[in-house]
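Notes follow once the structure below has been shown.
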Amino acid sequence: MMKKRLSPAVIAISGLFALLMLGISIWANDYLLTIINMSLIYFIGALGISVLMGMTGYMMLGSASFMGIGGFISANFAVKLGMPVWLSIILATIATGIIGAIIGSALVKLNGAFFAFASLGFTQIVSTFLTNYVPFTGGADGMQKIPTLSLGGFKVTSLLQWFFVLCIIAFGCGLLVERIRKTQLGRSLESIRDNSVAAETLGVNTYLTKIYAFTIATMFAALSGALIAHHNSVISASLFSSVTSFRWFMMVMCGGVNSTLGAFIGTVVFTFLPEVLRFTKLFINMLFGVAIILTMIYMPDGLMGVLQSIAARIKNKKKERKEKQAK
Amino acid sequence: MTKPILKADGISIAFGGVVAADNVSFELAPGEIKGLIGPNGAGKTTLLNLISGIYNTSSGSIHIDGVDVTKVPAYKRARMGLARTFQTPRFLHRSSIINNLLLGTDLADQMGYINSFFGKKGSNFNDELEELMEIAGFTFDWNDSISTMPFGQQKILEIIRAMLEHPKIMLVDEPAAGLNDIELQRAMKLMELATERGCGIIVIEHRMDMVMNFCHNIIVLNFGKVIANGTPEEVQCNEAVIEAYLGRE
Ligand SMILES: Nc1ncnc2c1ncn2[C@@H]1O[C@H](COP(=O)(O)OP(=O)(O)OP(=O)(O)O)[C@@H](O)[C@H]1O
Ligand SMILES: [Mg+2]
């Protein structure tokens, strides 16, 4: 009944990505690579939002703060303690996860809009802290000369090398989230989202499970923050404001909140659009606003939702045709 | 009599002025089917909510398999083998049918998120489901959304999900509502299979023909109070029951 088989869609998408990677490695210039790398990094954090918002139904407006915490912890470990960068990234992710679990244990008691506002409030607190606590963040100047990643003697220096490293990390993270979706944790999270009373009677410890989801979201945000720090070799607190939180939130909403591919599409579109629309200058935020309103009205499940409904329609047509033939 | 699998001892709850459960006591044996009847608003669903831990009782105690669960949260009671269905089915409406059912198997296996993540084998979901669906007598594209499913089949599917949990106790709220006679027969067959496996069942039902033929024992509630408790024959002749159903002359 549930045989595992690679569907044609999966094969087609993988092929497309392979071609895309090849094309990028041949033709992309540094400007383009920077944008692409940024969208990959934001995609990793968007995965966390997708887990917490798409699977669990909790509207997360605090991602940027955990991104900042992760970024600065990793930068400090590498700069001040001389730690190998791969280790500082991992430790920063774990440390932020612990902070996330503590914050989460308070926040997930709230529901709906209350949770969203509380997570936004948290962003404001962290953003103020990061901007002003000079020993940890360098204050308004931020931190410079953050070492780049090196793996087993191989130093990741060029943007293209970073591109491949980020592809691997992003792919791994995507697989992780897909695995969560298909196993007990994913189902439990979805049960909390859709019907928390039923979830409890199905043996789901909803409180603890929500903390897990929150922690996972903060860890993905932290990972992307740490990657940004070492990729750009500079970071400053101004990046980790509520504006970034909102933009991240919008990426995931417009791409498709409950889908990994949707998160990917959303981040890519929303990192490229500002560049493409640069000529509109001040109007860009207005255009974004309009885009979001239209998305919410006409495609509440985001771009991915549109793709899925097209796929479903094709499937139904096929089924009908088969049934007709059977007759 | 065998040791009761479920025991309620003087449990009560009030909502504002409405006493929805008033000092209710009963015992449920393994393999027993107990009918719970009473007029609308008598407190039947409320009683199931108290037993499953959605509401907390304000007095008395509840024991599952000899363990006091009066203060134990709902999810832990579920893990002790307490399954239930709802008057209006409660599913994950944005998820696939298969995911909804797998949650039942997850509860039966209780392997934890990490083990599940790394692909530890649990009970054989496919075979169990096939066996149950054969009795249920309908089939679906399991990857479809649950919202595409008719109400009656959702009610049956909730019983199936409960059975996938390998429960010791099943609380079933109005299974017949929205089912035609054939579907009802099938739902009863499913519940009988559960009792053969040693499960004790409490079933709320308005259809008297079903209640009288199907249940071993019956509890009658009115205004939150137990007004009769016994075999179908005993209950049918009970003065208070006739009064509650037909009204005072
Ligand atoms: N959460 C609640 N808050 C306030 N009052 C409640 C609540 N739950 C139940 N009640 C009240 O308790 C009483 C019993 O309700 P309950 O749903 O248990 O009845 P029932 O016997 O299941 O009825 P029905 O046959 O209509 O399903 C009703 O008066 C109802 O209004
Ligand atoms: Mg009821």
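Over the protein assembly as shown, DSSP H runs of length four or greater, each weighted -39,500 (n - 2.57), average out per residue to a 222 nm ellipticity of -19000 deg cm²/dmol. Summarising the amide proton neighbourhood of B:Leu221: residues at separation of 5 or more, or on other chains, whose placed amide H is nearer than 5 Å comprise B:Ile37, B:Gly38, B:Ile227. Once you sort the root eigenvalues of the Cα gyration tensor of the stretch A:42-188 as a ≥ b ≥ c, which label holds: rounded (a/c under 1.5), prolate (a/b larger than b/c) or oblate (the other case)? Judged from the Cα gyration tensor, the stretch A:42-188 comes out oblate (a/c at least 1.5, b/c at or above a/b).
Per residue of peptide B:18-24, the mean number of Cβ atoms on other chains within 10 Å of the residue Cβ is 0. Counted over the protein assembly as shown, the DSSP beta bridges are approximately 60% antiparallel.
Across the stretch B:12-27, computed HN-Hα scalar couplings (Karplus, 6.51 cos²θ - 1.76 cosθ + 1.60, θ = phi - 60°) run 9, 7, 10, 10, x, x, 7, 8, 8, 9, 10, 6, 8, 10, 6, 10 Hz from first to last residue, x flagging Gly and Pro.
The long axis of helix B:151-164 is offset from the longest Cα principal axis of chain B by roughly 80 degrees.
Take each residue in B:68-77, count the other chain C-beta atoms within 10 Å of its C-beta, and the mean is 3. For the pair A:Lys322 and A:Phe114, the difference between a 0.36 nm per residue extended length and the Cα-Cα distance amounts to 69.9 nm. This model, with +1 at the C-beta of Lys and Arg and -1 at the C-beta of Asp and Glu, gives the stretch A:181-327 a dipole about its Cα centre of some 880 debye. When Rg is the radius of gyration of the Cα atoms in the stretch A:9-284 and Rh is its Kirkwood radius, what does Rg/Rh come to? Here Rg/Rh amounts to 0.97. For the residue pairs B:Lys3/B:Lys44; B:Lys34/B:Lys155; A:Lys109/B:Lys120; B:Lys34/B:Lys189; B:Lys168/B:Lys225, the alpha carbons lie more than 22 Å apart in B:Lys3/B:Lys44; A:Lys109/B:Lys120; B:Lys168/B:Lys225.
Take every DSSP beta bridge whose two residues both sit in chain B; close to 55 percent of them are antiparallel. Cα axis of helix B:181-196 to longest principal axis of chain B: angle in degrees, 0 to 90, nearest 10? With both axes taken from Cα atoms, the answer is about 90 degrees. The modelled label-to-label distance for the pair A:Glu275/A:Tyr31, using points 7 Å beyond Cα in the direction of Cβ, is 0.9 nm. Between B:Glu192 and A:Met299, the modelled labels are 5.3 nm apart [label points 7 Å from Cα along Cα→Cβ]. With neighbour counts taken as other beta-carbon atoms within 10 Å, the residues A:Lys210, A:Lys315, B:Lys34, B:Lys121 rank, fewest first, as B:Lys121, A:Lys315, B:Lys34, A:Lys210.
Listed by chain and number, the lysines whose alpha-carbon sits under 18 Å from that of A:Lys155, ignoring those within fewer than 8 places in the same chain, are A:Lys145.
Scaling the Cα radius of gyration of the stretch A:231-296 by the globular reference 2.2 N^0.38 Å produces a ratio of 1.18.
I'd like the mean, over residues of B:78-85, of how many other protein chain beta carbons sit within 10 Å of each residue's own Cβ.
3
Per residue, the convex hull spanned by the alpha carbons of the protein assembly as shown comes to 198 Å³. Each label was represented as a point 7 Å from its Cα along the Cα-to-Cβ direction; for B:Glu239 and B:Asn126 these points are 6.2 nm apart.
Read the figures in this text as sums done on the coordinates, not as results from a lab. Every value quoted in this text rests on a predicted model; they were computed, and no experiment measured them. Ideal geometry is used to build each Cβ from the backbone, glycine not excepted, and the neighbour counts take in all protein chains shown.
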